[in-house]
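Notes to accompany the following structure.
Nothing in this text is a laboratory measurement; each read-out follows from the coordinates by a stated rule. Owing to the predicted nature of the structure, the values given are computational and were not obtained by experimental measurement. A quick note on method: Cβ atoms are made from the backbone with ideal geometry, for glycine too, and the neighbour counts reach across all protein chains shown.
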């Protein structure tokens, strides 16, 4: 099982701007898990599978980076005998014992507008009512639906523009979020003039004492599509993020925010080729592959045909979990082949609860049996929601028995609507 940084170019330049946290004592920024797996270590390893370099947080020289695992050779070794050696080949080793299951938590859209804005004056408690639940998993992933940083100005003609300072990243990390996507239709609400500030804040977040990996945005397309790798007690989870929000006819167009080979921006997957290739590369080296998307049509309870098609293609490419948001309401979740799909995670911390549909939210916990050295694929062995209801303060509050029962009934209906098992 991988326990060091991801595969890399053997002679990287001294610094590279690729995501990573801790490996050596002087670069140690790991933190212990919450209640999900007592004593297990969560470490963000890198977000640069297939890229040219991996830079250790707070470290600057290639000698600080140990070689990563060899793809396809992580649980076996090559016999030392040659064809002329009369010694018979050793008895093949049995498949390694299965790794312990891990627990992944998924939450929907978060921003700090309106009644939530003042909470960033104390990032450590900004999302305190949800912190225990978010921290209860081995790995927690969410979507940050706002522009982050300083400078820039609101995008002309955009109906809704959201903004938060860099302390938004600190607030997420303090609440137990490990990986956050910025591949959405609000990440550049304050234009490209703010983007350098956003990327700088994201780099600082990745090097913080409680590290937060920011995915789905970067200084070029390779970095925007690069996954965050997280070591959960020896199980490596790759998390990729991308947006296809321009498939929604009700949303303001944001296709020109896409990162390219020579321009910063978000991971835009209207052409999914780069995303699918990234999933295939991640499949080579990670034990579990998660894709978090911004997709669907706002207000719709059932996934669009575009969502269903992309989900199938991602699963075919090797994704174990495909999840996303954008509809501002829950959509169905369930099995798709060997994978698990959650089409819509809804709002999570939002400036207006809206009606009974948009205020319904929760945290989806997935217990995943990791891939082993044999042929057995990863598998979600349990999926469970913790129902929540967004209140007038914009925060997700726990619910009573009746609301919980209604949540379960609605979930079954949404699953049927989504065509999931």
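Placing pseudo-labels 7 Å out from each Cα toward the beta carbon at residue 382 and residue 357 gives an inter-label distance of 3.3 nm.
Return a whole-number percent for the relative contact order of segment 102-418, with Cα pairs under 8 Å and 6 or more residues apart as the contact set.
17
Ranked by the mean number of other Cβ atoms within 10 Å of their residues, highest first, the peptides 401-414, 324-337, 384-397, 266-279 come out as 324-337, 266-279, 384-397, 401-414. Please work out whether segment 102-418 counts as rounded, prolate or oblate from its C-alpha gyration tensor, where a ≥ b ≥ c are the square roots of the eigenvalues and a/c under 1.5 means rounded, while otherwise a/b larger than b/c means prolate and anything else oblate? Rounded, because the longest to shortest axis ratio a/c is under 1.5.
Computing FRET efficiency as 1/(1 + (r/R0)^6) for residue 250 and residue 100, where r is the C-beta to C-beta distance and R0 is 35 Å, gives about 0.20.
Seen through its C-alpha gyration tensor, with square-root eigenvalues sorted a ≥ b ≥ c, segment 161-277 comes out oblate because a/c lies at 1.5 or above while a/b is not bigger than b/c. The modelled label-to-label distance for the pair residue 204/residue 263, using points 7 Å beyond Cα in the direction of Cβ, is 2.8 nm.
Antiparallel beta bridges, as assigned by DSSP with both residues in segment 102-418, represent about 50 percent of the total such bridges.
Structural descriptor for segment 254-378: relative contact order 19 percent, calculated from alpha carbon pairs under 8 angstrom and at least 6 residues apart.
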